[in-house]
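Take a look at the structure set out below.
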Amino acid sequence: MQTAKFDDRPLSPAHQDDLRRTVSPIKTRAAIFRGAGRPQEVAEVELGPLGPDHVIVEMRGVGICGSDLHMVNGDWVRAQPMILGHEGAGVVTHVGPEVSGVAVGDHVAVSWAAPCGRCASCEQHAPQRCLPVRAAITEGTMIDGTTRITLDGETVYRMTTTGAFAEAVLVTGAAAMPIPESLPFEQAALLGCAALTGTGAALNAADIDGTTDVVVIGAGGVGQFAIQGARIAGAPRIVAVDPSPGRRELALELGATAAIAPEELAGQEPFMRAIDAVGSPATMENAIEAIGPGGRVVVVGLPKAGAVMELDPTELVAREKTLTGSYYGSADPIASLERLLDLVQDGSLVLEPLLGSRYPLEQINDAVAEAQRASGGRVIVTPTRSS
């Protein structure tokens, strides 16, 4: 019998009936993406059927991430039609009979990289690098190879295993990460991607301490959390680099000791750590140049498909510099989220100042247009609103 989280009482008869009904697909509205240069259209899709280890989450807040913009701009091409969006939070409305850890009514952030637990990466305690998840992201499916979304009988694919620009999403139970009911959904949405990715890059991959000078290239959503991660780790000097004056100002509020335009980076004293939250060949090259001997570059941003960088091996060999990547915070997402929630609780990690404008699902194209301008905080889509 399914039991509620934090409570040993069984689900009510009404909820048990609800579980039996969830075998059949449900209808929900979603923003349908059919290619770069074309507006997304909101349509009713069929979601399901619900498998024994699946949950359905009613989405209350979804952030527009740089990965979504790569799709919109045509930098990446994947199966279509597709529902974009992967950084979100909401309320569990349905649970399969084999799900444990969450129950109907729980508030959750959605992970786009719930691991299989069986591949080589998972067995090496690196679930963020799960091989089947990587394959599913490429194919636009869930980890089991299905999408469980159709539009008038046509298969609809998922952005990053999720497809969160919708009133509801169906994901594996492991992808629904519990959050406190006191945390607003718009803020909680950031935890699902930007916070885990950016803060993890600083706290896990960069190995920052009280003696480490850090430069963060790109002060957008992920970069803003990398700055906070560097501050939490105790870095004495944190320089944020971004072309947007508004983002540079916010970086100072988040803990950067200085915020500069990209053309000013060459004049800075060398750093021991560089976090590249953009991920273009040019910013990676700038990051390598910005660190001193023995320094480390952590690349967390993703480039356009086919991007290639030029690298002078002398920078790595003779100066013993290190270049590494960081994917989804370089740690188990569920364990990392628990740590982040503690940091939010004690005030070390702030969320609300990072939020930008909010848009309903019907205005998805306006929301994307604002996110493309990259001048403010994280743009949030609110597919459904709490009553």
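The values are calculated or read from the model by the stated rules, or taken from the named source; none is laboratory data. Everything numeric in this text was worked out from a predicted model, so none of it was measured. All Cβ positions, glycine included, derive from the backbone under ideal geometry; neighbour counts span all protein chains shown.
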Item checked: Some residue of region 297-307 being in the same structural domain as residue 250 (by TED's automatic domain parsing), more than 21 Å from the chain's Cα centre (by Cα) and in a loop (DSSP other than H, G, I, E, B) -> yes
Item checked: Unmet requirement for residue 376, which otherwise passes all of (1) on the phi < 0 side of the Ramachandran plot; (2) of a type outside the set (A, V, I, L, M); (3) exposed (fewer than 14 other Cβ atoms within 10 Å of the Cβ); (4) in a loop (DSSP other than H, G, I, E, B) -> (3)
Item checked: Filtered residues of region 330-373 (kept if crowded, with 16+ Cβ neighbours inside 10 Å, in contact with a helix residue (DSSP H, G or I) (Cβ under 8 Å, 6 or more places away or on another chain) and farther than 27 Å from residue 180 by Cα) -> 368, 371
Check: Would region 248-271 turn up any residue that is part of a loop (DSSP other than H, G, I, E, B), touching a helix residue (DSSP H, G or I) at 6+ places or on another chain (Cβ under 8 Å) and on the phi > 0 side of the Ramachandran plot?
Finding: yes
Check: Out of curiosity, is residue 150 at negative phi and in contact (Cβ under 8 Å) with a residue 40 or more places away in the chain?
Finding: yes
Notebook entry, point to check: If you check residue 201 against the conditions, is it buried (at least 24 other Cβ atoms within 10 Å of the Cβ), of a type in the set (A, V, I, L, M, F, W, C) and not assigned by TED's automatic domain parsing to the domain that holds residue 59?
Noted result: yes
Checklist line | Scan of region 197-240 for residues that are without any contact (Cβ under 8 Å) to a residue 40 or more places away in the chain, under 21 Å from the mean Cα position of the chain (by Cα) and assigned to a strand (DSSP E or B), ordered by number | finding: 240
Check: Taking region 84-134 as the search range and keeping residues that are in a helix (DSSP H, G or I) and without any contact (Cβ under 8 Å) to a residue 60 or more places away in the chain, which one is surrounded by the most Cβ atoms within 10 Å (Cβ to Cβ)?
Finding: 133
